[in-house]
Protein chains: 2
Amino acid sequence: MKGIRQLADHLDISIGTVSRALNGKADVNPQTRQRVLEAAEKLGYVANQSGRSLRKGSTGVIGFMMQTGPEITGQGDSFFMSVFDGVQTVLARHDLDLVALLCSSSEDPDAYLQRTVARGFADAIILSATRRNDARFELLDRHKIPFISLGRSLTDVGQPWIDLDFEGMAEIAMERLVLAGHKDIGVIWPHGDLNLGHLFVERCRSVLGTHGIRLREENIFRGKPSEAGGYAVAKEIAARPSRPSAIALVNETLVTGLYKGLEEAGITPGKDIAIVGRHSPHTQFLSPTLTGFNLSLHDLGIALAETLLSEMPAYRQAYEGLRRRVWPMMLIEGASG
Amino acid sequence: MKGIRQLADHLDISIGTVSRALNGKADVNPQTRQRVLEAAEKLGYVANQSGRSLRKGSTGVIGFMMQTGPEITGQGDSFFMSVFDGVQTVLARHDLDLVALLCSSSEDPDAYLQRTVARGFADAIILSATRRNDARFELLDRHKIPFISLGRSLTDVGQPWIDLDFEGMAEIAMERLVLAGHKDIGVIWPHGDLNLGHLFVERCRSVLGTHGIRLREENIFRGKPSEAGGYAVAKEIAARPSRPSAIALVNETLVTGLYKGLEEAGITPGKDIAIVGRHSPHTQFLSPTLTGFNLSLHDLGIALAETLLSEMPAYRQAYEGLRRRVWPMMLIEGASG
């Protein structure tokens with residue numbers, strides 16, 4: 001087992017070049033890279049690097065915990081993949097690798113994270129799908145593992161967070177619909193006990209209240225985060241003897257299914273029902289065009305990674321800034337509402 | 001630091017129940033689970049589990065290596081997320097966790113995998129994005145790490161593989177288009193040096209050859225695997241003084257962008273140009289409807305995981321079957337070609 005110094009000595013090239021070759025940097029001559037990789041193999045540098053990680057207490061890996069399951073990722077959800085790209089842009093500056101920690105929706109997220117912590121293979125963690133109360137925050141805090149949450153929670157251990165502006169979306173959507181004369185407005189509550197559902201629906205309720213409009217309980221639709229979920233909500237709306245004249249939602253994966261279901265029922269967005277939704281790469285071909293909120297997932301990923309690094313002693317210096325922020329969303333006006 | 005036995009003794013409940021609670025099984029009483037997790041925390045079971053992994057030489061983690069990057073996953077690609085769901089269905093039977101090893105497209109995949117192997121945190125690996133020649137196969141083989149490749153390569157170390165039937169798609173698409181009278185047929189070559197591009201385009205060429213039709217070099221379009229890539233190909237086609245009368249492609253992420261670009265140029269699929277493509281959750285709302293190949297990504301994930309487990313001594317017994325197979329694709333007829 002050899003260290004990087006022995007490897008460099010053996011090859012008679014600089015430690016810096018060896019390091020850059022091992023880390024797959026583009027500015028290393030391909031022949032050199034090949035020589036380094038072969039020598040690393042032969043001299044057992046691989047095993048040595050693992051030892052180095054243990055000694056330094058640093059794995060060079062950042063984990064991103066996300067929920068999977070046929071009703072979520074099996075339905076074409078591409079949100080996280082886009083965020084990953086932004087995160088990796090930042091991590092690449094420091095030779096850190098990103099792994100996605102895939103927690104199946106049939107599993108308990110707390111037990112899953114405990115196992116992951118036990119394995120000890122990540123230096124820091126990004127949490128998503130934050131619940132109203134979220135024990136994962138306390139677990140990571142107890143283990144002194146730096147983390148950031150993509151999403152808020154009533155649980156608060158002082159960690160940094162970034163959250164999309166679900167309350168801002170509620171305000172803009174409700175004000176827009178009220179201004180257009182709507183009085184019977186429906187909302188789609190995102191699945192499960194995710195915190196964002198509470199933020200969005202409660203703010204919709206309070207904004208409508210300031211206009212003397214009540215958000216009726218039967219107008220709060222529960223939609224699974226998928227095209228099938230949006231389709232099911234559309235069928236539920238279509239079956240109503242009297243249906244709301246407008247719908248607002250914040251989960252982009254519902255939108256195309258909602259359109260499809262409404263279309264099949266002869267209900268045209270923007271004409272028979274107003275819709276204010278969320279944009280994604282897949283909503284741009286809808287007809288009528290969607291009025292919806294948009295954001296750069298790449299930029300969101302960059303901000304997540306930079307804020308996380310500001311929590312890690314080794315990187316702290318380079319990253320200073322806001323530890324907690326609500327991420328603004330931009331309304332793109334279409335024909336739907 | 002305590003083992004599971006000490007934890008069970010401390011709580012005065014069975015080891016089995018403790019294990020099920022730690023692994024997040026649904027059939028454990030919530031209060032019991034809470035007690036177990038708290039005791040595990042308090043008694044330091046977390047650290048102990050890590051120790052156990054080292055002793056057994058087993059991490060309980062399966063890695064799935066995939067390419068990321070703004071041009072791939074940043075564009076709404078949801079293929080892998082759906083496959084993950086199938087993989088996790090199988091791994092859950094054995095309390096194995098799946099992590100996604102995210103290799104940025106700006107990185108060298110060989111060096112990336114070498115680092116990952118060095119970290120030693122996966123018991124077995126699923127490789128995707130197989131290249132024409134793929135040194136990763138040899139790396140894993142040398143380190144005796146069980147793996148399966150989603151995709152073939154000229155490199156062959158005897159590992160199991162599953163690959164989509166790109167040659168079958170080429171045959172069905174070309175025969176269909178030739179039968180419809182097309183003589184000037186274009187194909188979209190998937191990006192980079194991925195093996196599937198060679199398989200698809202070469203088989204298109206040979207099938208057309210049997211009908212005395214030549215696949216012209218200028219009719220081989222290079223499309224990045226994204227909606228933007230499909231859009232760019234559409235613009236390229238529209239700009240041609242004489243354009244092919246039909247297009248075949250195998251990358252589903254191109255389809256909606258291709259449609260959009262053609263639509264903007266006044267070229268209607270199925271009327272002005274025939275298209276045989278690939279379905280995804282996002283192609284179902286296209287108009288005119290797409291003629292394209294489809295498969296169950298969930299079932300593909302199940303097959304990948306089961307075949308991989310058949311390579312691992314601890315699980316081999318339960319999984320016997322084909323080690324290498326071409327995964328059939330189903331043509332769904334639409335109005336586009």
Once ligands and nucleic acids are excluded and a 1.4 Å probe is used, how much of B:Ile332 is accessible, expressed in Å² to the nearest 10?
60
Could you grab the relative contact order for chain B? Cα pairs under 8 Å, six or more apart, rounded to a whole percent.
16
List the distances, in nm and shortest first, from the label point of B:Ala265 to the matching label points in every other copy, placing each point 7 Å from Cα along the Cα-to-Cβ direction.
3.9
Interface A:B - total buried accessible surface [probe 1.4 Å, Å², rounded to 100]
5100
DSSP beta bridge pairing in the protein assembly as shown, given as percent antiparallel to the nearest 5:
15
Checking A:Met81, A:Met65, A:Met174 against a Gaussian network model of chain A (alpha-carbon springs below 10 Å), the top fluctuating residue turns out to be A:Met81
On the accessible surface of the range A:126-217, probed at 1.4 Å, how many percent belong to carbon and sulfur atoms?
53
Students often forget the sequence filter, so: which aspartates and glutamates lie under 18 Å Cα-Cα from A:Lys224 once same-chain residues fewer than 8 apart are removed?
A:Glu71, A:Asp77, A:Glu107, A:Asp193, A:Glu236, A:Glu252, B:Asp85
Hey, can you grab everything whose amide H is under 5 Å from the amide H of A:Gly151? Only 5+ residues off in sequence or another chain; H modelled, so Pro and N-termini drop out.
A:Ile162, A:Asp163
List, in the order given, every pair from A:Lys183/A:Lys271; A:Lys260/B:Lys271; A:Lys42/B:Lys144; A:Lys271/B:Lys271; B:Lys183/B:Lys271 whose Cα-Cα distance in the structure shown is over 19 Å.
A:Lys260/B:Lys271; A:Lys271/B:Lys271
Rounded to the nearest 500, the 222 nm mean residue ellipticity computed for the protein assembly as shown from DSSP H runs (n ≥ 4, each -39500 (n - 2.57)) alone is -13000 deg cm²/dmol
So which residue, out of B:Pro190, B:Pro288, B:Pro146, gets the largest mean-square fluctuation from a GNM of chain B using Cα contacts under 10 Å as springs?
B:Pro288
Euclidean distance of C-alpha centroids, the range B:205-273 and the range A:234-250, integer Å:
39
For a quick check of your reading of the filter: which GluC sites (Glu not before Pro) in the range B:130-202 sit in a DSSP loop and have no more than 15 other Cβ atoms within 10 Å?
none
Report which residues of the range B:271-305 become buried by 20 Å² or more of accessible surface when going from the isolated chain to the complete set of protein chains (1.4 Å probe; DNA, RNA and ligands ignored).
B:Pro281, B:His282, B:Gln284, B:Phe285
Shortest first and in nm, the label-point separations between B:Glu320 and its counterparts in the other identical copies (7 Å out along Cα→Cβ) come to 6.7
Which one of A:Ala265, A:Ala303, A:Ala122 has the biggest mean-square fluctuation once chain A is modelled by GNM with Cα springs under 10 Å?
A:Ala265
Cα pair distances in the protein assembly as shown, grouped into 20 Å bins until the bin that holds the longest one, percent each
17, 49, 31, 4, 0
Filtered GluC sites (Glu not before Pro), the range A:299-337: DSSP coil and at most 12 other beta carbons within 10 Å:
A:Glu320, A:Glu333
For chain A, what does the accessible surface come to per residue with a 1.4 Å probe? Please give it in Å².
40
Specify the longest stretch of chain A that does not include any exposed loop site, a site being one of the trypsin sites (Lys or Arg not before Pro) with a non-H, G, I, E, B DSSP assignment and at most 15 other Cβ atoms within 10 Å.
A:1-143
Once the label point is set 7 Å along the Cα-to-beta-carbon vector, what list of distances in nm do you get between A:Arg214 and its counterparts in the other copies?
7.8
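The values are calculated or read from the model by the stated rules, or taken from the named source; none is laboratory data. Predicted model only: the values in this text are computed from it and were never measured. When we count neighbours, we look across all protein chains shown, and the Cβ atoms used for this are built from the backbone with ideal geometry, even at glycine. Areas reflect the complete protein model, heavy atoms only, side chains present, ligands, DNA and RNA absent. Shrake-Rupley method; radii C 1.70, N 1.55, O 1.52, S 1.80 Å.
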